[in-house]
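Values quoted throughout were computed directly from the atomic coordinates according to the rules given, and no laboratory measurement underlies them. Just so it is clear, the model here is predicted, and its values are computed rather than measured. Neighbour counts run over all protein chains shown; Cβ positions are idealised from the backbone, glycine included.
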Amino acid sequence: MSSDFDAQFDAAFEGLPEDPDDAVPEGAENAAAPLDYSQYTDTPEGFRSGFVSFVGRPNTGKSTLTNALVGQKIAITADQPETTRHTIRGLVHREDAQVIVVDTPGLHRPRTLLGERLNEVVKDTYADVDVIGLTIPADEKIGPGDRWILENVRSIAPKTPIIGIVTKLDKASKDQVGAQLLALHELLTQEDPNAVVIPVSSKEGVQLDELVQVIVDHLPEGPKFYPDDHITDEGQEKRIEELIREAALSGLKAELPHSVAVQVDEMLPSRTREGVLDIHAILYLERPGQKRIIEGKDGLRFRRIVGNARKEIIELLGHNVYLDLRIKVLKNWQSDPKSLGRLGF
């Protein structure tokens, strides 16, 4: 590790609180396949473009990092593991490059048919992207799960460059971050002597531009895949479903979060309220007993879910909405092929 690394390490802490306690706490098939970009070919010479995907254990900050790089919330985040269930593309635009960040479900040991299908989506994505970023939190030591993921990624995409990313810089001391950087550098350079490791804080916005530059350095020359005013290819209906699911996941514990699915049934202008969009959606659970948990005492929790989701949807769409959310039980949907197909998995 050179003096350049030391300078980068010191720069990473500029603007952060000295005490971490004062810091802010914290699928589609062939997801990275080239698109028809013939109408966007007015790109300068030497322009770089390509796909990057972040990998790591649950809750290592992958979706939060995606949102921070894109500059807008396109992927939901939650305290529960395995929150992401489908592939989302977010766009980072520069004058000299376009980076497509492919946010995927986490690679994990599946317990259900849904888990198996999500893993297949993940593997297809890793095989197609130009760069992979291995995310490791600054405040958690590298463990067997991290090594298992790295081994799987290397077996799926043996020639794809892997960048080491130490996340959640704002939640760790300088000594912790330094030790983590050294440990991750040692892990990656066992296979690639030129591997790059960089610390970031998505919440504080620290080192994000530097991370984008490292990614761009690994991308091939090519034209723009998307116009400059696009931030994601995610459809409006899917984004609304995810915002509702995010609201429902808040505060849930144990296995219940994995049993929650959301599907928008209908969206249309209100017939009785001018300027209001009526959204009718269904929140699916696997067992009748789970309904009582979602509803809460006297239905208070369910009303909070609807209110929080509606607030996020209004922010997304920029106008008023009426959210009609109903609960239905779809028995053991995570392991039933027909139910999974019905829900788009």
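With a Förster radius of 22 Å applied to the beta-carbon distance between L268 and H230, the computed FRET efficiency rounds to 0.30. Ellipsoid fit via the Cα gyration tensor, the range 236-342: semi-axes of 24, 16, 12 Å, each the root of five times an eigenvalue, largest first. Take the Cβ atoms of R326 and T112, set R0 to 30 Å, and the FRET efficiency comes out at 0.80. Each DSSP beta bridge with both residues in the range 76-225 is either parallel or antiparallel, and the antiparallel ones are about 45%.
Under 5 Å from the amide H of Q98 lie the amide H atoms of R48, S49, G50, each residue being 5 or more positions distant or on a separate chain, with H modelled from the backbone and absent for Pro and chain starts. In this label model, E237 and W148 are separated by 3.7 nm, measuring between points 7 Å along each Cα→Cβ vector.
Multiplying each eigenvalue of the alpha-carbon gyration tensor of the chain by 5 and taking the square root yields semi-axes of 35, 24, 21 Å, largest first, rounded to whole angstroms.
Relative contact order, whole percent, for the range 136-290 stands at 15, derived from Cα pairs under 8 Å and 6 or more residues apart.
Using the average count of surrounding beta-carbon atoms within 10 Å as a protection proxy, the listed peptides 276-283, 296-303, 319-326, 49-56 rank, highest first, as 49-56, 276-283, 319-326, 296-303.
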